[in-house]
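**Student:** Structure provided below as C-alpha cells; questions to follow.
Please treat every number below as a calculation from the coordinates, not as lab data. No experiment lies behind these values; they were computed from the predicted model shown. All Cβ positions, glycine included, derive from the backbone under ideal geometry; neighbour counts span all protein chains shown.
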Amino acid sequence: MVADSKIGLEAVFPTFINSARAGVREHNARLARKDSRMRLRMALHAGFLHRDAHGFSGDAVNHLSRLLDAPAFKDRMAEHGAAFAVIVSADLYHDAASFHLIDPRIATPIDVNVKETRSRAWMLTSCGGR
C-alpha cells in the first residue's frame, strides 16, 4: 500500500498496524487447519516515489523491499512463530517514537543486510503508543 503524503503517522502508529494484526488473527482463528493460516510480514518506510504505467519505483521502494527480505527479520519472526510482524525503517521509527506513537519497549533492532543495503531497522512486537 502506498499512503498519501497527507496521512499522518498517527494513522499508521498504532491504528493501521493494530488493524492489520487483528485482521490476521481473526482470519487465522476461523481456519481449522494450521497449515492454511496466513503469515504476514509488513514493512514501513517513507520516501519519494516515481509512478508510471507499471506502478511505483524508486529508492524508497527498493529500501522497503529489502526491509521485508532481511534474513534477521524473517528469522526472528520464525523463532517466535509469529503470524504477523512489522519492520520499520530507522528514520520512520525515530520519527514515530519521538512523537510517542511507538513504545520503545516493544521495538527490537534488526540489522538489514540485503544486496547493497546495510542499515538498522526496528521490529515491532506490538504497537503501543498514546
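**Student:** Among residues other than SER119 whose Cβ falls under 9 Å from its Cβ, what is the net charge (Lys/Arg +1, Asp/Glu -1)?
**Tutor:** Details: positive: ARG66, ARG118, ARG120; negative: ASP111.
For residues surrounding SER119, the net value is +2.
**Student:** Just want to confirm a number: the relative contact order over segment 9-124, from Cα pairs under 8 angstrom separated by 6+ residues, in percent.
**Tutor:** On the way: 155 pairs, mean separation 30.8, N = 116.
After rounding, I find 27 percent.
**Student:** Moving to a separate point now. Nearest 500 deg cm²/dmol is fine: what mean residue ellipticity at 222 nm does the chain get from its DSSP H runs of n ≥ 4 alone, each adding -39,500 (n - 2.57), divided by its residue count? Could you put the intermediate results ahead of the total?
**Tutor:** Numbers: 4 runs with 42 residues, N = 130.
Rounded to the nearest 500, the figure is -9500 deg cm²/dmol.
**Student:** OK, next. Taking loop as defined by DSSP and a crowding limit of 11 other beta carbons within 10 Å, which trypsin sites (Lys or Arg not before Pro) in segment 1-99 fit?
**Tutor:** Working: sites: LYS6, ARG21, ARG25, ARG30, ARG33, LYS34, ARG37, ARG39, ARG41, ARG51, ARG66, LYS74, ARG76; in loops: LYS6, ARG30, ARG33, ARG37, ARG39.
Qualifying residues, ordered by number: LYS6, ARG30, ARG33.
**Student:** Quantify how much of the Cα-Cα distance distribution of the chain extends past 17 Å, in percent. If you can, show how the numbers build up before the last one.
**Tutor:** Details: 5042 of 8385 pairs.
I get 60 percent for the Cα pairs in the chain exceeding 17 Å.
**Student:** Continuing with this model, one more query. With just the Cα atoms defining each centre, how far is segment 51-84 from segment 9-34? Give it in Å.
**Tutor:** 18
**Student:** Same structure again: Which one of LEU67, LEU40, LEU31 has the biggest mean-square fluctuation once the chain is modelled by GNM with Cα springs under 10 Å?
**Tutor:** LEU31
**Student:** Exposure proxy check: VAL86, VAL61 ranked by fewest other beta carbons within 10 Å? Write down the numbers at each step before the final one.
**Tutor:** Numbers: VAL86 26, VAL61 17.
Ordered by Cβ neighbours within 10 Å, fewest first: VAL61, VAL86.
**Student:** For segment 1-79, which chymotrypsin sites (Phe, Trp or Tyr not before Pro) pass both filters: DSSP loop (anything but H, G, I, E, B) and at most 15 other C-beta atoms within 10 Å? Mind dumping the intermediate values first?
**Tutor:** Numbers: sites: PHE16, PHE48, PHE56, PHE73; in loops: PHE48.
Here the chymotrypsin sites (Phe, Trp or Tyr not before Pro) that fit, given the DSSP loop and packing criteria, are PHE48.
**Student:** Hey, another quick one. Dipole of segment 77-130, Cα-centred, from +1 at each Lys and Arg C-beta and -1 at each Asp and Glu C-beta, to the nearest 20 debye?
**Tutor:** Here the size comes out at about 40 debye.
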